[in-house]
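**Student:** Take a look at the following structure, please.
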Amino acid sequence: MFRLRIVPHDVARWLGACCLSGLVVSTTSAQQTTGPTGLTREAVVAGIADLRKITTPNGIETLEELEIDGTRQWISIRGRDRANPVLLMIHGGPGSPTMPVSWAFQGPWEDYFTVVQWDQRGVGKNARTADHAALTPTLTVERSVTDAEAVVAHLRRRLGQDRVVVMGYSWGSIVGILLAQKRPEWLHAYVGLGQASPKGDDYLYTRLIELATASDNREALAELRAIAPYPNGVPPAQSVITSRKWARHFGGAWYGRTDFGPYMASTAWAPEYSEAELEAMDKASGWATLTLLAPMFSQRLDTLPAFKVPVVFLMGRHDLHTPYPPARALFDRIAVPRKRFVTFENSAHVPMMEEPGRFLAALIDEVLPLTGRAARKPDR
């Protein structure tokens, strides 16, 4: 059983927060760094917060800190109409929340859904006050699913809706797909974005060798051959880092780029975070990944029983972080009354930013109808 208590906080103090960071870069003082127009980052972030402000009478815009099983975990709830269906996004990493990046892609979703971003145990906004030594034994796949269950239970009460859409992204797709198995009566649908899949890293390694050979990239070939056999069960952390380094280089994170580029830079402007929180988030990312590495690679998603809720996979064709062909194979195997696989042809691991228009169309066309709603057409 889980225990949950809401701890109220003043949302306004976070909206004007001064922040500068990235997923793998250190923070810099907002007062020391200015943009080309001379604006401080504090001013830029405040401007983004003001631009995003929900002003509709029936809208919602809030940051809340939940107490779940003795830990404090932050969520963001945003939408222009509380009557819209709820969509909970479960982030990847495991230590890479999408809340600090959501300002760059989520706005149009908020016309159709009440969107919830959740920072998981010990990471993101939670990292600054977390006791990571005490949390380490509790950081398991099972506990992550239980935490997600607690978040959904809160949202059902808080927003007065019996069912929500759960979107699991990357690592979060492991948590999300297991939650869909555990609590189908609470879900309209499960959406796998960058869906993790069995044999994903086996495919990744083979594909990286092919790409390195075709481009005669001797540095890549040397580094990749040095980690063979890969993944060979649960790989060492350094081998995972090497595989993702070359996945990014060959456009498997952001199609056509050799890195995560704008995705990683977007955390610098997150209105929900203070500078200190962003710095703590960066440090906690490695802790979470190292702690959950073995449990992640030990999951057997190929043995899941039949689903009782509709399933939608949203996949970038060129994704190498959670590779496309193994995800397609998983989708073809799963038993479910209704399922849909959507391919973004010009995307890799972040299609919501690489093809934002097509991504929104997929949410409206494929996911929204599963909630019993249809997109409202503008009045003529």
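The values are calculated or read from the model by the stated rules, or taken from the named source; none is laboratory data. Keep in mind that what you see is a predicted model, and the values were worked out from it rather than measured. Note that each Cβ is placed from the backbone with ideal geometry, even for glycine, and that neighbours are counted across all protein chains shown. Side chains are part of the model used for accessible areas, which takes the heavy atoms of the whole protein and leaves out ligands, DNA and RNA. Shrake-Rupley method; radii C 1.70, N 1.55, O 1.52, S 1.80 Å.
**Student:** Of all the residues that make up the stretch 79-103, how many are farther than 16 Å from Tyr169 by Cα, out of contact with any Pro (no Cβ under 7 Å at 6 or more places or on another chain) and open to solvent by 10 Å² or more (accessible area, probe 1.4 Å)?
**Tutor:** 5
**Student:** Looking at this structure, is Pro235 assigned to a loop (DSSP other than H, G, I, E, B) and surrounded by 15 or more Cβ atoms within 10 Å (Cβ to Cβ)?
**Tutor:** yes
**Student:** Here are the criteria: (1) in contact with a Leu (Cβ under 8 Å, 6 or more places away or on another chain); (2) farther than 25 Å from Pro85 by Cα. Tell me which single one Pro310 does not satisfy.
**Tutor:** Every listed condition holds for Pro310 apart from (2).
**Student:** Do we find a residue being out of contact with any His (no Cβ under 6 Å at 6 or more places or on another chain), at pLDDT below 95, surrounded by fewer than 20 Cβ atoms within 10 Å (Cβ to Cβ) and at negative phi anywhere in the stretch 194-211?
**Tutor:** Yes, that holds for at least one residue.
**Student:** Now for a separate question. Do we find that Ala228 is over 26 Å from Glu355 (Cα atoms), in a loop (DSSP other than H, G, I, E, B) and free of Cβ contacts under 8 Å to residues at least 60 places away in the same chain in this structure?
**Tutor:** yes
**Student:** Given the conditions (1) open to solvent by less than 70 Å² (accessible area, probe 1.4 Å); (2) of a type outside the set (Asp, Glu); (3) modelled with pLDDT of 95 or more, report the number of the one that Arg218 does not fulfil.
**Tutor:** Failed condition: (1).
**Student:** So, Ala133, is that one out of contact with any strand residue (DSSP E or B) (no Cβ under 9 Å at 6 or more places or on another chain), in a helix (DSSP H, G or I) and open to solvent by 20 Å² or more (accessible area, probe 1.4 Å) or not?
**Tutor:** yes
**Student:** Scan the stretch 104-130 residue by residue and report those that are β-branched (Val, Ile, Thr) and open to solvent by 10 Å² or more (accessible area, probe 1.4 Å).
**Tutor:** Let us first name the residues in the stretch 104-130 that are β-branched (Val, Ile, Thr), namely 114-116, 123, 129.
Thr129 - this is the single residue of the stretch 104-130 that is β-branched (Val, Ile, Thr) and open to solvent by 10 Å² or more (accessible area, probe 1.4 Å).
**Student:** Which condition does Asp50 not pass, out of (1) at negative phi; (2) of a type outside the set (A, V, I, L, M); (3) touching a residue at least 60 places away in the same chain (Cβ under 8 Å), if it passes all the others?
**Tutor:** Asp50 satisfies every listed condition except (3).
**Student:** Looking only at the stretch 44-60, decide whether some residue is part of a loop (DSSP other than H, G, I, E, B), open to solvent by 30 Å² or more (accessible area, probe 1.4 Å) and either at pLDDT below 95 or under 17 Å from Ala276 (Cα atoms) (or both).
**Tutor:** So the first thing to find is which residues in the stretch 44-60 are part of a loop (DSSP other than H, G, I, E, B), and the list is 53-59.
Imposing the further condition that a residue be open to solvent by 30 Å² or more (accessible area, probe 1.4 Å) reduces the set to 53, 55-58.
Subset that is either at pLDDT below 95 or under 17 Å from Ala276 (Cα atoms) (or both): none.
No, the stretch 44-60 has no match at all.
**Student:** Here is a check on your reading of the model: is Lys245 out of contact with any His (no Cβ under 8 Å at 6 or more places or on another chain), free of Cβ contacts under 8 Å to residues at least 24 places away in the same chain and open to solvent by 10 Å² or more (accessible area, probe 1.4 Å)?
**Tutor:** The answer is yes for Lys245.
**Student:** Could you figure out which of (1) in a helix (DSSP H, G or I); (2) modelled with pLDDT of 95 or more isn't true of Met296?
**Tutor:** It is condition (2) that Met296 fails.
**Student:** Taking Met281 as meeting all but one of (1) in contact with a helix residue (DSSP H, G or I) (Cβ under 6 Å, 6 or more places away or on another chain); (2) of a type outside the set (Val, Ile, Thr); (3) open to solvent by 10 Å² or more (accessible area, probe 1.4 Å), write down the number of the exception.
**Tutor:** (3)
**Student:** Continuing with the same structure: Quick one: which residue in Gly93, Gly107 is modelled with pLDDT under 95 and under 19 Å from the mean Cα position of the chain (by Cα)?
**Tutor:** The match here is Gly93.
**Student:** Among the residues of the stretch 159-168, how many are surrounded by 18 or more Cβ atoms within 10 Å (Cβ to Cβ) and either over 22 Å from Pro94 (Cα atoms) or of a type in the set (Val, Ile, Thr) (or both)? Quick ask: steps written out before the conclusion?
**Tutor:** Filtering the stretch 159-168 for residues surrounded by 18 or more Cβ atoms within 10 Å (Cβ to Cβ) gives 159, 161, 163-168.
This time we only want the ones that are either over 22 Å from Pro94 (Cα atoms) or of a type in the set (Val, Ile, Thr) (or both), so: 159, 161, 163-166.
Of the residues in the stretch 159-168, 6 are surrounded by 18 or more Cβ atoms within 10 Å (Cβ to Cβ) and either over 22 Å from Pro94 (Cα atoms) or of a type in the set (Val, Ile, Thr) (or both).
**Student:** What number of residues in the stretch 139-158 are open to solvent by 20 Å² or more (accessible area, probe 1.4 Å), in contact (Cβ under 8 Å) with a residue 24 or more places away in the chain and in a helix (DSSP H, G or I)?
**Tutor:** 4
**Student:** Which of the residues spanning the stretch 169-193 are open to solvent by less than 10 Å² (accessible area, probe 1.4 Å), part of a strand (DSSP E or B) and not aromatic (Phe, Trp, Tyr)?
**Tutor:** Scanning the stretch 169-193 gives Leu187, Ala189, Val191, Gly192, Leu193.
**Student:** Out of the stretch 249-278, which residues are within 18 Å of the chain's Cα centre (by Cα), surrounded by fewer than 17 Cβ atoms within 10 Å (Cβ to Cβ) and of a type in the set (Gly, Ala, Ser)?
**Tutor:** Within the stretch 249-278, Gly261, Ala265 qualify.
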